[in-house]
């Protein structure tokens, strides 16, 4: 039996135990895990150094090495993340609905764990702990398949977590790490219907595309964000400038940052030069439509491909539009249904935008950067779903649960 | 452009209009559709006769021809189904949550249509109307791909519905029928990410398996049911006998009927002969474990394959078990997470069964046949989801919706 199948089966074998754990039992286990990470931090850092060294020898960029790097501060932060998960309410067992039928049947709809969650992700070893904590808190078993560049770190982290679980009611086998670094292990997970209940990809666009295109196991798609800010004719200048600047520059590398700024032609004529200057002063490369190029200097032509690109970088497209309808059309064509914003003082335009734009989160007069589990107050973030099934937008703990109908009767049969 | 892509694009182009329709506008359209089916019934029956004749020439069985057959009564029933959908509350626009963040952002989570739904189904032409009604009521556009054996009926039905929509606010292009009867049209739909938001298969096991294995579009899986009834030691004889008989015999062809009866050994010793006689009198073929064969006559050996088969027929497996744990193990191994029942007077056993069995619907002292949208009071049934994501169990109208966060601010930016 392959490593993937063997470990997934072991995970599944714990599902009926996991399903029955109380919140207190799970929290006790999570706290043990947090403590163990801190007390074993030297061995984790030593293992991480192996990954760093191997990466450096392979020519990995310093910025990627920095994402991979663990030190005492970062491990303390990861452990603190687990402790924060402990503080969150456990959704498992929550009664979502109850109803009685005329025939006397009593029906309860309750939250239950999904079962076994497959996580497929890239380099950062903090995801190993984060995903383990979120899945175990919600009574799920989890099969982790991290990137090969963090394999030594991930292996040591999971050893430490397994040791921590030994003295708890939470079965250590509920946490599995796939060590096979080949693409074949990912491919096998994607087809493991019957053992894995869902696969969640976390990483870059190509990782996510591979999962979506090849999985027969249900997927929760996360990630890609081509987000827009539309500055309407009636927008307040300062507010519009601040929101647009924040959406692009505060953290360009993330999915809820802005890629294209749409500006009403009247507003553009009066104010775009001032807004653009602020972007250029922050070293944002500007690409624009022809009208934008006519207004501004230092702007190259934005192509259709540019409008369809998630830069995640200090690059911004600017397009001048005739009004709300043209902005809506652009967003419908190029958006990825993640986060979209209108800045306007026109209540009708705001209402239309909030109603008509098809996206996980739509904003009136606020930065798209708020699409985030912590900013929404969920206290944790498994990811931001960009699909429409199951969960959409920032996913809190309930997104890691399913439901079950419990029906009690007194001998009812169907006529 | 292929028929599938062209019609799916047309459907998608209506999504922003569909999204904005009021319940009244949609209900008016549905009532027009219902009236048109009745007033055009002769042309629909004539088209249906073509399908029946072609089927008969192709050697289709009489029972399948009966499922395909339309007459005035059946068309009246189909129209009545649309009128019942009109009576249901429209979930679109419902506010599911609202919260204010410390920074002043106001967040609303509302129900929105899924967008464009692809339905892939088999012979019965009533599904064409049923699916159209449910999807349009929830503000979705729908691309229907029915079975080739009902193509003439489906084509005429959709013509009639399109004519009915001409005088309404609901764009006729929101309803599309794929007429290409080849397997290629199904395959194309399954990969149409970006145009279709979800695919829902309705039909036999092989149709559903094809969709699950090949779709890159998200799927809501429906259907397969290997359901069990466990008669515990303490069960009341009459109740147990009635529930088991109902679960198997009342309508064996459907997914919530029982395939395997698990019986506690003490109960079996005292009462199984009596229960089995009733099944045999109803011409149910019995297959059993060795203990069952020792107790009863006229029982053939049940194989592992039998336990893993959804008969949908007058065949029943009987297995005698040592107690609850063995019953739970059998269900975990062979069940399809659809509907499972325990008959017992032991409250602890009932509680354990309801808690530990991983299925969409778990029953204490009631027939599994109640897993049904109408029986649950949802007033309509899109299908019974056997997956854990998005919707599980009988799906009412909310299962055809997604959600959206609407965030309103006053210039908030992220620090």
Number of the exception - residue A:246 against (1) crowded, with 23+ Cβ neighbours inside 10 Å; (2) more than 10 Å from chain B (Cβ to nearest Cβ): (2)
Given (1) within 11 Å of chain B (Cβ to nearest Cβ); (2) in a helix (DSSP H, G or I); (3) surrounded by fewer than 24 Cβ atoms within 10 Å (Cβ to Cβ), number of the condition residue A:267 does not satisfy: (1)
Total residues in region A:188-197, condition in a strand (DSSP E or B) and modelled with pLDDT of 95 or more: 1
Subset of region A:166-189 [touching a strand residue (DSSP E or B) at 6+ places or on another chain (Cβ under 8 Å) and either within 16 Å of residue A:47 (Cα to Cα) or surrounded by fewer than 21 Cβ atoms within 10 Å (Cβ to Cβ) (or both)]: A:173, A:177, A:185
Enumeration of residues in region A:3-25 that are more than 14 Å from residue A:172 (Cβ to Cβ), surrounded by fewer than 21 Cβ atoms within 10 Å (Cβ to Cβ) and in contact with a helix residue (DSSP H, G or I) (Cβ under 6 Å, 6 or more places away or on another chain): A:16
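Here is a yes/no grid of residues against (1) more than 14 Å from every other protein chain (Cβ to nearest Cβ); (2) farther than 15 Å from residue B:140 by Cα; (3) in contact (Cβ under 8 Å) with a residue 24 or more places away in the chain; (4) in contact with a helix residue (DSSP H, G or I) (Cβ under 8 Å, 6 or more places away or on another chain):
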residue: B:27; (1), (2), (3), (4): yes, no, yes, yes
residue: B:42; (1), (2), (3), (4): yes, yes, no, no
residue: B:63; (1), (2), (3), (4): yes, yes, no, no
residue: B:82; (1), (2), (3), (4): yes, yes, yes, yes
residue: B:88; (1), (2), (3), (4): yes, yes, yes, yes
Failed condition for residue A:234, given (1) touching a helix residue (DSSP H, G or I) at 6+ places or on another chain (Cβ under 8 Å); (2) surrounded by 17 or more Cβ atoms within 10 Å (Cβ to Cβ); (3) not in a strand (DSSP E or B): (2)
Some residue of region B:349-366 being surrounded by 24 or more Cβ atoms within 10 Å (Cβ to Cβ) and closer than 30 Å to residue A:373 by Cα: yes
Test: residue B:190 is under 22 Å from residue B:309 (Cβ atoms) and under 24 Å from the mean Cα position of the chain (by Cα): no
Those strands (runs of 3 or more DSSP E) lying entirely in region A:12-127 with at least 2 residues under 24 Å from the mean Cα position of the chain (by Cα) and at pLDDT 95 or above: A:106-113, A:116-121
Residue in region B:284-298 that is outside any strand (DSSP E or B), more than 20 Å from residue B:353 (Cβ to Cβ), touching a residue at least 12 places away in the same chain (Cβ under 8 Å) and within 14 Å of chain A (Cβ to nearest Cβ) present: no
Flag if residue A:256 is within 23 Å of the chain's Cα centre (by Cα) and within 10 Å of another protein chain (Cβ to nearest Cβ): yes
Single match in A:334, A:370, A:376 (criterion: modelled with pLDDT under 95 and either in the same structural domain as residue A:99 (by TED's automatic domain parsing) or within 24 Å of the chain's Cα centre (by Cα) (or both)): A:376
Residue count for region B:129-145, restricted to those that are touching a strand residue (DSSP E or B) at 6+ places or on another chain (Cβ under 8 Å) and modelled with pLDDT under 95: 1
Any hit, region A:238-247, residues being at pLDDT 95 or above and outside any helix (DSSP H, G or I): no
Residue A:413 more than 30 Å from residue A:293 (Cβ to Cβ), surrounded by fewer than 22 Cβ atoms within 10 Å (Cβ to Cβ) and more than 14 Å from the chain's Cα centre (by Cα): yes
Subset of region A:198-237 that is away from chain B (no Cβ under 14 Å) and farther than 30 Å from residue A:346 by Cα - its residue that is modelled with the lowest pLDDT: A:223
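The values are calculated or read from the model by the stated rules, or taken from the named source; none is laboratory data. Just so it is clear, the structure is predicted and the values come from calculations on it, not from any experiment. When we count neighbours, we look across all protein chains shown, and the Cβ atoms used for this are built from the backbone with ideal geometry, even at glycine.
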